[in-house]
1. Scan the stretch 104-120 for residues that are out of contact with any His (no Cβ under 9 Å at 6 or more places or on another chain), touching a residue at least 40 places away in the same chain (Cβ under 8 Å) and closer than 9 Å to residue 92 by Cβ and jot them down.
2. Using the structure shown, decide if residue 167 is surrounded by 21 or more Cβ atoms within 10 Å (Cβ to Cβ) and either in the same structural domain as residue 32 (by TED's automatic domain parsing) or touching a helix residue (DSSP H, G or I) at 6+ places or on another chain (Cβ under 7 Å) (or both).
3. Any idea how many residues of the stretch 140-164 are touching a residue at least 40 places away in the same chain (Cβ under 8 Å), within 15 Å of residue 124 (Cα to Cα) and surrounded by fewer than 18 Cβ atoms within 10 Å (Cβ to Cβ)?
4. Does residue 173 meet the test of being acidic (Asp, Glu) and either surrounded by 13 or more Cβ atoms within 10 Å (Cβ to Cβ) or within 23 Å of residue 40 (Cβ to Cβ) (or both)?
5. Would you mind stating whether residue 175 is part of a helix (DSSP H, G or I) and in contact (Cβ under 8 Å) with a residue 24 or more places away in the chain?
6. What's the number of the only condition in (1) without any contact (Cβ under 8 Å) to a residue 24 or more places away in the chain; (2) surrounded by 12 or more Cβ atoms within 10 Å (Cβ to Cβ) that residue 97 fails to meet?
7. Mind counting the residues in the stretch 100-125 that are under 12 Å from the mean Cα position of the chain (by Cα), crowded, with 16+ Cβ neighbours inside 10 Å and more than 15 Å from residue 80 (Cβ to Cβ)?
8. Within the stretch 88-101, does at least one residue satisfy the condition of being closer than 25 Å to residue 132 by Cα, of a type in the set (A, V, I, L, M, F, W, C) and touching a Gly at 6+ places or on another chain (Cβ under 8 Å)?
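The values are calculated or read from the model by the stated rules, or taken from the named source; none is laboratory data. As the structure is a computational prediction, the values presented were derived from the model and not from experiment. In this analysis, Cβ positions are derived from the backbone assuming ideal geometry, glycine residues included, and neighbour counts consider all displayed protein chains.
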Amino acid sequence: MTRIRLHPTALLLLFLPCLGILNGWQTAILWSSAALHETGHLLAFQICNCPVESLTILPFGLCAIPDESRSLSYKDEVFCAAAGPVFNLVLAALLLALPLSPQWVAARYALYCNISLFAINSLPVLPLDGGRVLFFSLLTRNDPASGERICKTVALILLILLFFPSCFALIHEKNPSLLLIWFYLAWNTRIRRGSI
């Protein structure tokens, strides 16, 4: 049976409209897009015959944790990690294929959410899906410690490159979202120890 957990940071979701980052309907669309992203992972786990142990509710979506007693091959790990961003890419392509009227603000916002979720989750930084794809791809030719070291180096380079655009978005667009994501990734890169 899959357990559902509430991560303490999920309470931030309640404050997003108060902070002026997102309003209520934008929060609902972002959360729906994130839930569909996680559906991609869940379907991939099901295809790989790996049960999901728990679903953790986070501020910007859900995180599926597979049953640790079931080990997946590196190829299956890559498939399961890539499934979420691919799901968002497919949804964005479907929305692009629709003849969206300029008045359909919610549909356009859903398109932006799915493109953003694809782009952010594809970054090769752990614990994001792109980081997991990189890590498990590296394990086919490297030991876990070397794979972790390479992932951390890639993450540090990307964090340096992303810092200034994140600050620019905060200062000029009055949007702290990218900087919040940057801090989350920087924190995870800093505290990461050992293999995933």
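1. Those that are out of contact with any His (no Cβ under 9 Å at 6 or more places or on another chain), touching a residue at least 40 places away in the same chain (Cβ under 8 Å) and closer than 9 Å to residue 92 by Cβ: 110, 113.
2. no
3. Qualifying residue count, the stretch 140-164: 1.
4. When the stated conditions are applied, residue 173 does not pass them.
5. Answer is no for this residue.
6. If we test residue 97 against (1) without any contact (Cβ under 8 Å) to a residue 24 or more places away in the chain; (2) surrounded by 12 or more Cβ atoms within 10 Å (Cβ to Cβ), just (2) comes out false.
7. 10
8. no
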